[in-house]
1. Once the Cα gyration tensor of the range 60-200 is found, what semi-axes does its equivalent ellipsoid get, as square roots of 5 times the eigenvalues, in whole Å, sorted largest first?
2. Using label points projected 7 Å from each Cα along Cα→Cβ, tell me how many nm separate ILE97 and LEU36, to one decimal.
3. Using amide H atoms built 1.01 Å from N in the peptide plane, name the residues 5+ places from SER69, or on other chains, whose amide H lies under 5 Å from its own.
4. Mind checking the full-extension length gain between ASN171 and ASP11? Use 0.36 nm per residue of separation minus the Cα-Cα distance, one decimal, nm.
5. For the range 60-200, give the percent of accessible area contributed by carbon and sulfur heavy atoms, probe 1.4 Å, rounded to a whole number.
6. Would you work out the relative contact order for the range 60-200, in percent, from Cα pairs under 8 angstrom that are 6 or more residues apart?
Amino acid sequence: MSRVRYSKYEDGRSEPPYELLIRISKYFNLSIDLLLTVDIRKYPLEDILKLPDNRIVLPVVVDQLGNNSIEIVPQKASMGYLSGYSDPEYIENLQRITLPFLTGGKFRAFPAQGDSMPPFKDGSYIIGKYIENIDDLKLNKSYVFVTLNDGISYKRFISRNKKSITVAADNSFYKSYDIPLGEVVEVWQYASGIFPEDFEPDNFENYNLKEMFLEIRKDIQGLDEKISKNN
């Protein structure tokens, strides 16, 4: 958009077309109704996001029989999910499956990465149920968090304060960390999993080795603390 065109919209000399309103709505994660009916300059961003009229439409795909399809976000396209999650055309082009035992909500499948949440490993998928309100998060339940900085991550919800939520991996080799509330784009509660390959016994052995290494590291830290106190 040119600077001249932008200034006309800002000064009220011209009205943006609906195509541009849609782009603005997606970019700022605000509903078009909110942009047109509320003077957003008068309210802090945190208050706007809490307004009941601010609802981003989640694209839902159904099959010919009307069954809710589960879109699969492929491994290679997971980095592009942040720019396409609210785009109906992007969602329409994703591969889909239907699982009859998953009903009563909107579900989507995300690729697993790393070994932080066993038994999921690279090549497996986590099917999540869409959570509309972050207040609905349940302690010690696992979720797929889509965030502005980290993209797609699968972690367990530990706690929440006014500015952030604390999440952790089931593999204690990894430390817990905080996610600012302003970075959270989507949350999907774990509903099921897809494992294309068998979970081999050596995976458990590797996991146990990391657990042993973690215990050794804790012992070393404890010794360092004792030495520091004695000095």
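The values are calculated or read from the model by the stated rules, or taken from the named source; none is laboratory data. Fair warning: this is a prediction, and the values are worked out from it, not measured in the lab. Ideal geometry is used to build each Cβ from the backbone, glycine not excepted, and the neighbour counts take in all protein chains shown. Heavy atoms of the whole protein, side chains included, go into the accessibility calculation; ligands, DNA and RNA do not. Shrake-Rupley method; radii C 1.70, N 1.55, O 1.52, S 1.80 Å.
1. Each semi-axis is √(5λ); the values are 24, 18, 15 Å.
2. 4.0 nm
3. VAL61, VAL62, ASP63
4. Numbers: separation 160, 0.36 × 160 = 57.60 nm, distance 5.43 nm.
Answer, rounded to one decimal: 52.2 nm.
5. Numbers: 3880 of 7700 Å².
Here it works out to 50 percent.
6. 22 percent
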